[in-house]
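Please read the structure below before turning to the comments.
What follows draws every value from the coordinates through simple rules; no lab data is involved. What you see is a predicted model; the values in this text were computed from it and never measured. In this analysis, Cβ positions are derived from the backbone assuming ideal geometry, glycine residues included, and neighbour counts consider all displayed protein chains.
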Amino acid sequence: MARKVQCALLKKEGEGMDYAPYPGPLGQRIYESISKEAWQRWLAHQTMLINEYRLTPIEPEARKFLETEMEKFFFGGGSEKPKEFVPK
């Protein structure tokens, strides 16, 4: 039986993740209150940020930026798309 969470992003009940998808307190918070569907939305948004800003995720500055954007995306009113971003 799948674990259910009240998703903080989608504002509805959804299937919870099997494990914390990110280390530390932020990962635990995501595990407890973000659904798999919302996590997939973040992964697509994160990919767009990495591509548009030409980030190298192994660099500490890029990781900190992505972590900040992740927290805003889920819990802080949303992460903005880059001004230059043009959807396909």
Find the residue count for the range 43-66, including only residues that are under 9 Å from the mean Cα position of the chain (by Cα) and loosely packed, with under 15 Cβ neighbours inside 10 Å.
-> 2
If you check every pair at least six apart or on different chains, which have Cβ atoms under 8 Å apart with a residue in the range 69-80 that is without any contact (Cβ under 8 Å) to a residue 60 or more places away in the chain and closer than 11 Å to Trp42 by Cβ first and a residue that is of a type in the set (Phe, Trp, Tyr) and part of a loop (DSSP other than H, G, I, E, B) second?
-> Met70/Tyr22
State which residue pairs qualify: first residue without any contact (Cβ under 8 Å) to a residue 60 or more places away in the chain and inside the range 1-24, second residue among the charged types (D, E, K, R) and surrounded by 16 or more Cβ atoms within 10 Å (Cβ to Cβ) in any location, beta carbons under 6 Å apart, and separation of 6 or more residues or different chains.
-> Glu15/Lys36; Met17/Lys36
